Structure formats: C-alpha cells, structure tokens
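Just so you know, all these numbers are worked out from the coordinates, no wet-lab data involved. As the structure is a prediction and not an experimental result, all values here were calculated from the model. Neighbour counts are summed over all protein chains in view; Cβ atoms, including those assigned to glycine, are modelled from backbone coordinates with ideal geometry.
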Amino acid sequence: MTDRLADTVALITGASSGIGEATALALAAEGATVAIAARRRDRLEALAKQIGDDTRVLVLETDVTDRDQARAMVERTVDEYGRLDTVINNAGVMLLGPILDAPLEEWEEMVHLNLLGLLYTTHAALPHLLKAAESEPRRVADIVNVSSVAGRVARLGSGVYNATKFGVGAFSESLRQEVTKRHVRVSIIEPGAVATELASHNRPEIIKNIQATFGDIVRLEATDIAEAITFTVTRPGHVTVNEVLIRPTEQER
C-alpha cells in the first residue's frame, strides 16, 4: 500500500465485478477511501471485506440509470466522507448483434447505462469535484470514463454499442474543455478485449460470434485496466492523461 491518494475519496460505479472491482482494490491500495456502487449488493459487500477497513469503504447499492439513485449515491458519499475527489464511471453493458430486427430493449439498456448513467453520475458529482480541486491534499480532481475501443472503431454487429461509446468520448472531450482550467481532469480509458463477464450478457448466438472473433487471443485482465486508471489519477496536478487505448497484444482492431 502507498499513500498517493491518501485523504481523498473515490467513487467507482460498476464495482461489483471486473474492471470496477479491480479499480476499487487498486485505489484503496493507494490510500483512497472508496465508495463502491453497483446493483448487486452481495458482490459489493464481498468486495468491502477484501478492502478490509470499514472506515475506508462505503457500499452503495445503486442503479445509476435512475437519476435519483445516481444523485443519492453521490450525496451519500459526500455526506459520509465530506468530499469527493475522484469518480470512475465504469458501469456499462455490451449487447452486440445486427441492427436489423435487433431487440430494442437491448439498445435501450445500453443507452440508459452506458450514457445516461454516466451523465447522471457526472452531473451530480461535478460540484463536489470542483470543490475538491480547490483544496488540499491534491488541488486536482478526476473523472475517468471507461469507454472501449468501440468508441474509436465502428464494427459490423456493434452499431448501438459503438454509438454509446462514441458518445462517451464526445461528452468527455467537451467536459474536459469546460473544466480543465478549474483543475478537474477528464480522462477516458478505452479497453479492447478484457476477460470479464461483459460478453456473457449477450444472447447465446452472439456469445458464439464473440468467442469466434476473440477466442484464440490472450485477453487483458481487469487488473490491467485498473493499473491504467490508477496511473491516470495519480499523476501530478499539472499532468492530465486524457485518453488511454489498451488492447491485447494479439487484437488487431
């Protein structure tokens, strides 16, 4: 454990598994107090036990697609710890497949979680991040939006997922220009194929296609992405890492 994030508070959405879980562990190891949010409370409680210090972890059962819950998540964090220095917008879903005859419910789920959930969380958190950026210990605050290589490269069978992740990139850059002179850093992390449960939420025929595309390559681990996020938020105050694209070595596009 180090103390690079000592006396700071980080909120991580989608913390019940995968990248969110790994990031919560990594930031706690850097000395941050962490508020961990997701819909699966049992997973969050297990993660809190891993972190170990009850005074430095807050479990927040939250559906960020509900704007009232997203706001309550932020306010509960600030009420508990008095500040908010870092927000990791990680909650997301990837539901692939052809556009023709696609289940509209899948599109709505991706738009609600990948975009609206991120927007609700950011909107609620920004006043607190701006305040933290004016004070010790760091005089800087961070928003990290977890996007995807799908936010850079549109692919057949990924149209609406691409649309949501391109949207994350556009929103992040506009927000960066708005708040960067006030020392709130905005970063996007764009992973390629990662060995998490993300693909498992697809229909069986889509999972088969994903396995055919990526089955032979060595995928990234959630800890690889958590390390990139940790690097991003531990830079000196005059340094902003705006965008990180991380692919498995064998992934072509």
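Here are the numbers for this structure:
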quantity	calculated
Neighbour net charge for residue 113 - beta-carbon separation under 15 angstrom, K R +1, D E -1	-3
Net charge of neighbours whose Cβ lies under 15 Å from the Cβ of residue 221, counting Lys and Arg as +1 and Asp and Glu as -1	-3
Against the rule of thumb 2.2 N^0.38 Å, how large the Cα Rg of the stretch 1-100 comes out	1.09
Which of 230, 114, 137, positive extreme of dipole for the stretch 9-246 (C-beta unit charges)	137
For the chain, built as a Gaussian network whose Cα springs stay under 10 Å, the top-fluctuating residue of 112, 201, 238	238
In nm, spacing of pseudo-spin labels at residue 6 and residue 227 (7 Å Cα→C-beta vector)	2.5 nm
Placed amide H near residue 57: partners under 5 Å, 5+ positions off or other chain	34
Lys/Arg +1, Asp/Glu -1 at C-beta; the stretch 18-135 dipole; positive extreme among 86, 47, 20	86
Partner lysines for residue 181 [C-alpha distance under 27 Å; skip if fewer than 8 residues away on the same chain]	131, 165
Cα centroid separation, the stretch 105-147 to the stretch 2-26 (Å)	14 Å
Residue 91 long-range amide H proximity, modeled H, under 5 Å	13, 14
Extension reserve of the residue 66-residue 46 stretch, reckoned as 0.36 nm per residue once the Cα distance is removed	4.8 nm
Taking the chain and dividing mean pair separation by its residue count, relative contact order in percent (alpha carbons under 8 Å, at least six apart)	19 percent
Where GluC sites (Glu not before Pro) fall in DSSP loop in the stretch 167-253, at most 13 other Cβ within 10 Å	197, 250, 252
The chain: projected area of the alpha-carbon convex hull, averaged over directions, in nm²	12.7 nm²
